[in-house]
1. Taking interchain pairs and intrachain pairs at least six residues apart, which have beta carbon atoms under 8 angstrom, with the first residue in segment 110-129 and in a helix (DSSP H, G or I) and surrounded by fewer than 16 Cβ atoms within 10 Å (Cβ to Cβ) and the second acidic (Asp, Glu) and at pLDDT 90 or above?
2. Just the residues that are on the phi < 0 side of the Ramachandran plot and surrounded by fewer than 16 Cβ atoms within 10 Å (Cβ to Cβ), please, taken from segment 6-26.
3. Output the number of the condition that ILE218 fails; it satisfies all remaining conditions of (1) under 25 Å from ARG27 (Cβ atoms); (2) among the β-branched types (Val, Ile, Thr); (3) free of Cβ contacts under 8 Å to residues at least 12 places away in the same chain.
4. Against the condition touching a residue at least 24 places away in the same chain (Cβ under 8 Å), out of contact with any strand residue (DSSP E or B) (no Cβ under 8 Å at 6 or more places or on another chain), assigned by TED's automatic domain parsing to the domain that holds ASP116 and not charged (D, E, K, R), how does ASN145 come out, does it pass?
5. Here are ARG173, ARG150, ARG208: which of them is in a strand (DSSP E or B) and free of Cβ contacts under 8 Å to residues at least 24 places away in the same chain?
6. Hey, does segment 191-208 have a residue that's within 17 Å of GLU132 (Cβ to Cβ), at pLDDT below 90 and touching a strand residue (DSSP E or B) at 6+ places or on another chain (Cβ under 7 Å)?
7. Looking at (1) among the polar types (S, T, N, Q); (2) closer than 18 Å to LYS169 by Cβ; (3) out of contact with any His (no Cβ under 8 Å at 6 or more places or on another chain), which one does GLN188 not meet, given that it meets all the others?
8. Go through segment 109-129 residue by residue and tally those that are over 17 Å from GLN158 (Cα atoms) and touching a helix residue (DSSP H, G or I) at 6+ places or on another chain (Cβ under 9 Å).
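The values are calculated or read from the model by the stated rules, or taken from the named source; none is laboratory data. Small disclaimer: the values here were computed from a predicted structure and weren't measured. Counting neighbours? That spans all protein chains shown, and the Cβs are built from the backbone with ideal geometry, glycine included.
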Amino acid sequence: MAKSIISEGKTTSEAIEKGLKAINLPRELVEIKVIEENKKSFFDILAPKIVKVEIKEKEAKKPEEFEIETTEEELEIAKNDVNIFLKEFVKSLPTSAEYSIEIKEKCLYVNINGQDIGNIIGYRGEALYAFENILKAIANKKSENKVILRLDIENYKQKRVATLEDLAKKKARIVEKTGKLITLEPMQAYERKIIHSVLQSNPNVETRSIGQEPKRRIVISKK
């Protein structure tokens with residue numbers, strides 16, 4: 001449930017500042033609404049001015065849940081189409097590369113390996129995720145139901161897991177020590193899941209996701 005408080009001050013700025021400290025959230029993560037402003041008149045010039053504001057945590061919209069009902073036939077068709085595309089794609093690469101496609105747990109798993117293919121991984125995996133979206137579009141072109149596809153290149157995602165686990169623990173220690181919340185940079189859904197999972201057993205901090213894709217991110221705060 002989203003946090004919400006009422007804050008008072010002599011000015012709007014003062015009321016907002018007090019409210020942000022009380023709710024312990026940065027300004028970009030809240031909605032602010034002035035609900036009362038008693039302005040002085042000539043006859044009550046000595047009366048103090050009071051401004052009341054409502055500060056409410058922004059709630060991220062949750063994606064609609066769906067049940068995966070992809071048939072084996074649809075998966076095989078999707079696998080064939082992705083295979084045709086990748087066969088031509090690896091030929092176009094300046095260096096040699098190989099790929100594999102595996103159907104497992106109603107999902108297509110694609111792995112690409114080769115020398116000097118970091119350009120299709122990109123900074124923080126940006127090119128990899130863009131390429132993954134292309135493969136998803138190809139896999140779903142002939143399917144009535146949603147085909148789930150996961151792409152990894154040179155085990156980038158596996159290596160990224162260790163990096164994210166270290167990051168989660170490091171940021172959690174800072175939150176425990178300072179009591180201040182930390183907002184991480186935008187991450188892919190599977191990366192956010194790793195952060196949530198690592199810190200789930202930590203009794204001193206809690207995590208939540210905010211914002212909308214592709215800028216959805218995690219906030220770590222003290223319990």
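1. Pairs found: GLY118/GLU154.
2. ILE6, GLU8, LYS10, THR11, THR12, SER13, GLU14, GLU17, LYS21, ALA22, PRO26 - these are the residues of segment 6-26 that are on the phi < 0 side of the Ramachandran plot and surrounded by fewer than 16 Cβ atoms within 10 Å (Cβ to Cβ).
3. (3)
4. Against the criterion (touching a residue at least 24 places away in the same chain (Cβ under 8 Å), out of contact with any strand residue (DSSP E or B) (no Cβ under 8 Å at 6 or more places or on another chain), assigned by TED's automatic domain parsing to the domain that holds ASP116 and not charged (D, E, K, R)), ASN145 qualifies.
5. None of the others qualify; the one that does is ARG208.
6. The answer is no, given that none of the residues of segment 191-208 is within 17 Å of GLU132 (Cβ to Cβ), at pLDDT below 90 and touching a strand residue (DSSP E or B) at 6+ places or on another chain (Cβ under 7 Å).
7. (2)
8. 1
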